[in-house]
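Participant: Below you'll find the structure I mean.
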Amino acid sequence: MNIIVGITGATGAVFGVRMLEWLKKTDAETHLVISPWAAATILHETGYTMKDVEKLASFTYSHKDQAARISSGSFQTDGMIVAPCSMKTLAGIRTGMADNLLTRSADVMLKERKKLVLLTRETPLNQIHLENMLELTKMGAVILPPMPAFYNHPQNLTEMVDHIVFRTLDQFGIHLSEAKRWEGMKQEK
């Protein structure tokens, strides 16, 4: 498995970090692109340094490096996850802006018909956000907002984040045994 992971400056940097932590426990090869605002958000929201996060990936690229191998359709990958995905990045992907390596890589996923999963972060959503999500869905992207589930009885924030990470990795056929799955309603006696 070979996955590109993009982290944008939207709140929720922990989703990208935890994604990398769980992927590191698999045999997946990861290719990481961090936007400049993501770097600031990681430092502000988590206990991680940029070096800590970069060490979690197999390969790391500058968001400015449009010549990186992941910018080409000839690069063999199973897809891309953008976690979190800011509304600016969402708009850039939808319009084909491709003005940095993160949006270019996402554009390549669409043109090559590869899996593109966007953990969109914003609330409330306006019409522009919704239209961008709808249009990207029509193009083949998966919009996976990190919304908490409660049927798994999360005990802390990490368990809530991990549930979203597990659901995201399910999109790539990576099913981790640590994931708590819906097993139906239990009958009261």
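Participant: In whole Å and largest first, what semi-axes does the C-alpha gyration tensor of the stretch 1-66 yield when each eigenvalue is scaled by 5 and square-rooted?
Facilitator: One finds semi-axes of 18, 14, 9 Å for the stretch 1-66.
Participant: Suppose we look only past 16 Å in the calculated P(r) of the stretch 5-116. What percent of the Cα-Cα pairs does that tail hold?
Facilitator: When every Cα pair of the stretch 5-116 is considered, 54 percent fall beyond 16 Å.
Participant: Please give the peptides 118-125, 7-14 ranked by average Cβ packing (other Cβ atoms within 10 Å per residue), highest first, as a rough proxy for protection.
Facilitator: Ranked by mean Cβ neighbours within 10 Å, highest first: 7-14, 118-125.
Participant: May I pose another question? Using amide H atoms built in the peptide plane, which far-off residues or other-chain residues are under 5 Å from Thr120 H to H?
Facilitator: Cys85, Leu144
Participant: While we're on this one: Where nothing but the Cβ of Lys and Arg (+1) and of Asp and Glu (-1) is charged, how large is the charge dipole of the chain around its Cα centre, in debye to the nearest 20?
Facilitator: Roughly 200 debye, rounded to the nearest 20.
Participant: Is there a pair in Lys25/Lys138; Lys25/Lys115; Lys24/Lys138; Lys55/Lys114; Lys114/Lys180; Lys55/Lys88 whose C-alpha atoms are over 29 Å apart, and which pairs would that be?
Facilitator: Beyond 29 Å: Lys25/Lys138; Lys24/Lys138.
Participant: Which one of Tyr151, Ile4, Gln187 has its Cα pushed farthest toward the positive end of the charge dipole of the chain, where Lys and Arg give +1 and Asp and Glu give -1 at the Cβ?
Facilitator: Checking the options against the dipole of the chain, the answer is Ile4.
Participant: Here's something else I'd like to know. Using Cα pairs under 8 angstrom and six or more residues apart, how large is the relative contact order of the chain, in percent?
Facilitator: On the way: 322 pairs, mean separation 39.6, N = 189.
Answer for the chain is 21 percent.
Participant: Let's see if you can work this out: charge +1 on each Lys and Arg Cβ, -1 on each Asp and Glu Cβ, no other charges. What is the dipole magnitude of the stretch 116-189 about its Cα centre, in debye to the nearest 20?
Facilitator: Taking the Cα centre of the stretch 116-189 as origin, the dipole is about 180 debye.
Values in this text are rule-based calculations from the coordinates and carry no lab data. Here the structure is a predicted model, which is why all the values come from computation and not from measurement. Note that we place each Cβ from the backbone using ideal geometry, even for glycine, and neighbour counts take in every protein chain shown.
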